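One structure is given here, and the rest of the page talks about it.
The values are calculated or read from the model by the stated rules, or taken from the named source; none is laboratory data. Computed from a prediction, not measured in an experiment: that's the story for all the values here. Note that each Cβ is placed from the backbone with ideal geometry, even for glycine, and that neighbours are counted across all protein chains shown. Protein only, heavy atoms only, side chains kept; ligands, DNA and RNA dropped before computing areas. Shrake-Rupley method; radii C 1.70, N 1.55, O 1.52, S 1.80 Å.
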Amino acid sequence: RALGLLARMSLVAVHPKLDEPPSEEGWSLKNFAQVGDYSSPKLAKIAELVSKRPTCGHLVFLENTVAHYWLREVLVANGIPRERIAILNGEVAASPLARQRIAEAFTSATPAFDVVIANKVAYEGLNLQIRTCAIYHGDLPWEPATLQQRNGRGLRQGNTFDVIGIYYVLSSRSMDGARFELIRGKREWMAELVESAASETNNPAAQTTRSPRSEERRV
(Lines give C-alpha, C1' and ligand atoms only; values in the text may rest on other atoms or scores of the structure.)
Protein backbone atom coordinates (compact mmCIF):
# COMPACT_ATOMS: atom_id res chain seq x y z
CA ARG A 1 0.00 0.00 0.00
CA ALA A 2 2.84 2.38 0.86
CA LEU A 3 4.52 1.74 -2.50
CA GLY A 4 1.22 2.39 -4.24
CA LEU A 5 0.89 5.73 -2.50
CA LEU A 6 4.43 6.68 -3.51
CA ALA A 7 3.63 5.82 -7.12
CA ARG A 8 0.49 7.95 -7.03
CA MET A 9 2.41 10.86 -5.51
CA SER A 10 4.92 10.64 -8.33
CA LEU A 11 2.11 10.82 -10.87
CA VAL A 12 0.42 13.91 -9.43
CA ALA A 13 3.80 15.65 -9.22
CA VAL A 14 3.76 15.64 -13.03
CA HIS A 15 0.07 16.48 -13.43
CA PRO A 16 -2.75 16.31 -10.86
CA LYS A 17 -5.03 14.40 -13.26
CA LEU A 18 -2.61 11.58 -13.95
CA ASP A 19 -4.06 9.76 -10.96
CA GLU A 20 -7.64 10.28 -12.19
CA PRO A 21 -8.08 8.51 -15.55
CA PRO A 22 -11.49 8.76 -17.22
CA SER A 23 -11.90 4.99 -17.40
CA GLU A 24 -10.43 1.74 -16.15
CA GLU A 25 -8.34 1.59 -19.32
CA GLY A 26 -6.43 4.66 -18.18
CA TRP A 27 -5.23 7.66 -20.12
CA SER A 28 -4.24 7.24 -23.77
CA LEU A 29 -3.94 9.04 -27.08
CA LYS A 30 -7.68 8.50 -27.59
CA ASN A 31 -8.86 10.30 -24.46
CA PHE A 32 -6.02 12.67 -23.46
CA ALA A 33 -8.14 15.73 -24.37
CA GLN A 34 -10.64 14.88 -21.65
CA VAL A 35 -8.28 16.26 -19.03
CA GLY A 36 -9.65 19.77 -19.61
CA ASP A 37 -6.53 21.69 -18.57
CA TYR A 38 -3.38 20.33 -20.19
CA SER A 39 -1.02 22.40 -18.09
CA SER A 40 0.53 21.78 -14.69
CA PRO A 41 3.33 23.64 -12.87
CA LYS A 42 5.90 21.11 -14.03
CA LEU A 43 4.79 20.98 -17.67
CA ALA A 44 4.51 24.78 -17.77
CA LYS A 45 8.08 25.12 -16.51
CA ILE A 46 9.44 22.75 -19.14
CA ALA A 47 7.58 24.66 -21.88
CA GLU A 48 8.93 27.95 -20.55
CA LEU A 49 12.52 26.68 -20.68
CA VAL A 50 12.12 25.22 -24.17
CA SER A 51 10.57 28.40 -25.56
CA LYS A 52 13.63 30.41 -24.53
CA ARG A 53 15.75 28.51 -27.09
CA PRO A 54 13.33 27.52 -29.87
CA THR A 55 15.88 26.89 -32.62
CA CYS A 56 18.02 24.14 -31.08
CA GLY A 57 17.20 20.56 -30.09
CA HIS A 58 15.40 19.69 -26.85
CA LEU A 59 14.90 16.22 -25.33
CA VAL A 60 12.18 15.84 -22.72
CA PHE A 61 11.81 12.61 -20.75
CA LEU A 62 8.52 11.62 -19.13
CA GLU A 63 7.59 8.00 -18.51
CA ASN A 64 3.80 8.39 -18.65
CA THR A 65 2.66 8.56 -22.27
CA VAL A 66 -0.38 10.81 -21.77
CA ALA A 67 1.92 13.42 -20.25
CA HIS A 68 3.59 13.56 -23.68
CA TYR A 69 0.36 14.69 -25.32
CA TRP A 70 -0.40 17.20 -22.58
CA LEU A 71 3.10 18.66 -22.76
CA ARG A 72 2.81 18.98 -26.54
CA GLU A 73 -0.31 21.11 -26.09
CA VAL A 74 1.41 23.26 -23.47
CA LEU A 75 4.40 23.74 -25.79
CA VAL A 76 2.10 24.80 -28.63
CA ALA A 77 0.44 27.30 -26.30
CA ASN A 78 3.92 28.69 -25.59
CA GLY A 79 4.64 29.30 -29.26
CA ILE A 80 6.37 26.07 -30.34
CA PRO A 81 4.88 24.95 -33.69
CA ARG A 82 3.03 21.65 -33.36
CA GLU A 83 4.76 20.21 -36.42
CA ARG A 84 8.16 20.80 -34.79
CA ILE A 85 7.34 18.53 -31.84
CA ALA A 86 7.89 14.76 -32.04
CA ILE A 87 6.75 12.08 -29.60
CA LEU A 88 8.69 8.88 -28.97
CA ASN A 89 6.63 6.32 -27.13
CA GLY A 90 5.20 2.88 -27.81
CA GLU A 91 1.79 4.27 -28.67
CA VAL A 92 2.81 6.79 -31.34
CA ALA A 93 6.07 5.24 -32.57
CA ALA A 94 5.37 1.54 -32.12
CA SER A 95 8.11 0.14 -34.36
CA PRO A 96 11.90 0.58 -34.23
CA LEU A 97 11.74 1.93 -37.81
CA ALA A 98 9.30 4.67 -36.80
CA ARG A 99 11.53 5.65 -33.89
CA GLN A 100 14.61 5.73 -36.09
CA ARG A 101 12.86 8.01 -38.59
CA ILE A 102 12.00 10.45 -35.81
CA ALA A 103 15.61 10.39 -34.58
CA GLU A 104 16.95 11.06 -38.06
CA ALA A 105 14.45 13.89 -38.61
CA PHE A 106 15.58 15.46 -35.31
CA THR A 107 19.32 15.21 -36.04
CA SER A 108 19.22 16.05 -39.74
CA ALA A 109 21.09 19.03 -41.19
CA THR A 110 17.65 20.35 -42.05
CA PRO A 111 15.76 19.09 -38.99
CA ALA A 112 12.03 18.51 -39.02
CA PHE A 113 11.74 18.58 -35.22
CA ASP A 114 13.08 20.83 -32.48
CA VAL A 115 11.55 18.98 -29.51
CA VAL A 116 11.41 15.24 -28.85
CA ILE A 117 9.26 14.06 -25.94
CA ALA A 118 10.20 10.49 -25.03
CA ASN A 119 10.09 7.70 -22.49
CA LYS A 120 11.98 4.42 -22.11
CA VAL A 121 11.64 3.45 -25.78
CA ALA A 122 14.33 6.05 -26.51
CA TYR A 123 16.79 5.02 -23.80
CA GLU A 124 18.87 2.76 -26.04
CA GLY A 125 19.65 2.44 -29.72
CA LEU A 126 18.80 6.00 -30.81
CA ASN A 127 21.30 8.76 -31.53
CA LEU A 128 19.78 12.13 -30.70
CA GLN A 129 22.89 14.02 -29.71
CA ILE A 130 23.92 16.01 -32.78
CA ARG A 131 21.90 19.18 -32.11
CA THR A 132 20.62 18.62 -28.57
CA CYS A 133 21.12 21.76 -26.51
CA ALA A 134 19.07 20.73 -23.45
CA ILE A 135 17.72 17.63 -21.71
CA TYR A 136 14.76 17.79 -19.32
CA HIS A 137 13.77 15.18 -16.77
CA GLY A 138 10.06 15.71 -16.15
CA ASP A 139 10.03 12.78 -13.76
CA LEU A 140 12.65 10.67 -12.00
CA PRO A 141 13.45 6.96 -12.03
CA TRP A 142 14.61 5.04 -8.96
CA GLU A 143 18.17 4.33 -10.07
CA PRO A 144 21.04 6.42 -11.51
CA ALA A 145 21.56 4.03 -14.45
CA THR A 146 18.29 5.18 -16.02
CA LEU A 147 19.30 8.82 -15.72
CA GLN A 148 22.58 7.93 -17.36
CA GLN A 149 20.72 6.30 -20.25
CA ARG A 150 18.48 9.34 -20.65
CA ASN A 151 21.37 11.82 -20.60
CA GLY A 152 23.35 9.58 -22.92
CA ARG A 153 20.86 10.24 -25.73
CA GLY A 154 22.16 13.78 -26.04
CA LEU A 155 25.29 14.03 -23.91
CA ARG A 156 27.74 12.12 -26.07
CA GLN A 157 30.34 12.44 -28.80
CA GLY A 158 29.11 14.17 -31.93
CA ASN A 159 27.10 16.91 -30.26
CA THR A 160 27.69 20.29 -31.87
CA PHE A 161 27.20 22.16 -28.57
CA ASP A 162 30.05 22.64 -26.10
CA VAL A 163 27.60 23.03 -23.23
CA ILE A 164 24.35 21.08 -22.80
CA GLY A 165 21.75 22.10 -20.23
CA ILE A 166 20.41 19.24 -18.10
CA TYR A 167 17.31 20.13 -16.09
CA TYR A 168 15.74 18.10 -13.30
CA VAL A 169 12.30 19.63 -12.95
CA LEU A 170 11.17 18.93 -9.37
CA SER A 171 7.76 19.76 -7.93
CA SER A 172 7.60 21.41 -4.53
CA ARG A 173 5.73 19.59 -1.76
CA SER A 174 6.20 16.28 -3.56
CA MET A 175 8.44 13.20 -3.43
CA ASP A 176 10.65 14.56 -6.20
CA GLY A 177 13.27 15.98 -3.86
CA ALA A 178 13.50 12.80 -1.81
CA ARG A 179 13.78 10.66 -4.93
CA PHE A 180 16.47 12.92 -6.38
CA GLU A 181 18.51 12.61 -3.17
CA LEU A 182 18.01 8.84 -3.22
CA ILE A 183 19.36 8.63 -6.77
CA ARG A 184 22.31 10.83 -5.91
CA GLY A 185 23.08 8.73 -2.85
CA LYS A 186 22.97 5.54 -4.90
CA ARG A 187 25.25 7.06 -7.50
CA GLU A 188 27.84 8.07 -4.91
CA TRP A 189 27.66 4.65 -3.27
CA MET A 190 28.10 2.88 -6.60
CA ALA A 191 31.06 5.13 -7.50
CA GLU A 192 32.74 4.30 -4.20
CA LEU A 193 32.03 0.60 -4.70
CA VAL A 194 33.52 0.60 -8.21
CA GLU A 195 36.56 2.57 -7.04
CA SER A 196 37.11 0.14 -4.17
CA ALA A 197 36.78 -2.87 -6.46
CA ALA A 198 39.19 -1.34 -8.95
CA SER A 199 41.76 -0.72 -6.22
CA GLU A 200 41.59 -4.35 -5.11
CA THR A 201 41.70 -5.64 -8.68
CA ASN A 202 44.86 -3.66 -9.38
CA ASN A 203 46.53 -4.91 -6.20
CA PRO A 204 47.82 -8.49 -6.62
CA ALA A 205 48.01 -8.96 -2.86
CA ALA A 206 44.46 -7.76 -2.17
CA GLN A 207 42.33 -10.21 -0.17
CA THR A 208 45.06 -12.87 -0.14
CA THR A 209 45.26 -15.18 2.86
CA ARG A 210 48.16 -16.87 4.62
CA SER A 211 48.18 -19.99 6.71
CA PRO A 212 49.02 -19.68 10.42
CA ARG A 213 52.34 -21.43 9.71
CA SER A 214 53.37 -18.86 7.11
CA GLU A 215 52.41 -16.08 9.50
CA GLU A 216 54.65 -17.60 12.17
CA ARG A 217 57.60 -17.67 9.77
CA ARG A 218 57.05 -14.02 8.89
CA VAL A 219 57.17 -13.04 12.58
A careful count of residues in region 16-27 that are open to solvent by 60 Å² or more (accessible area, probe 1.4 Å) and hydroxyl-bearing (Ser, Thr, Tyr) gives 0
Filtering region 28-46 down to residues that are assigned to a loop (DSSP other than H, G, I, E, B) and open to solvent by less than 40 Å² (accessible area, probe 1.4 Å), which residue is nearest to Asp114 (Cα to Cα)?
Ser40
Please go through region 45-78 and give me each residue that is of a type in the set (Lys, Arg) and more than 22 Å from Glu104 (Cα to Cα), ordered by number.
Lys45, Lys52
Of the residues Leu97, Leu75, Leu49, Leu71, only one is closer than 22 Å to Tyr168 by Cβ, open to solvent by 10 Å² or more (accessible area, probe 1.4 Å) and not in a loop (DSSP other than H, G, I, E, B); which?
Leu49
Every residue in region 114-130 that is surrounded by fewer than 20 Cβ atoms within 10 Å (Cβ to Cβ) and part of a loop (DSSP other than H, G, I, E, B), please.
Tyr123, Glu124, Gly125, Asn127, Ile130
Could you list, in sequence order, the residues of region 26-42 that are over 22 Å from the mean Cα position of the chain (by Cα) and not small (Gly, Ala, Ser)?
Lys30, Asn31, Gln34, Val35, Asp37
Residues of region 1-15 being in contact (Cβ under 8 Å) with a residue 12 or more places away in the chain and loosely packed, with under 15 Cβ neighbours inside 10 Å, which ones?
Leu6
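Table: residues versus (1) touching a helix residue (DSSP H, G or I) at 6+ places or on another chain (Cβ under 6 Å); (2) on the phi > 0 side of the Ramachandran plot; (3) touching a residue at least 12 places away in the same chain (Cβ under 8 Å).
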site: Asp19; (1), (2), (3): yes, no, no
site: Leu29; (1), (2), (3): no, no, yes
site: Leu59; (1), (2), (3): no, no, yes
site: Ala67; (1), (2), (3): yes, no, yes
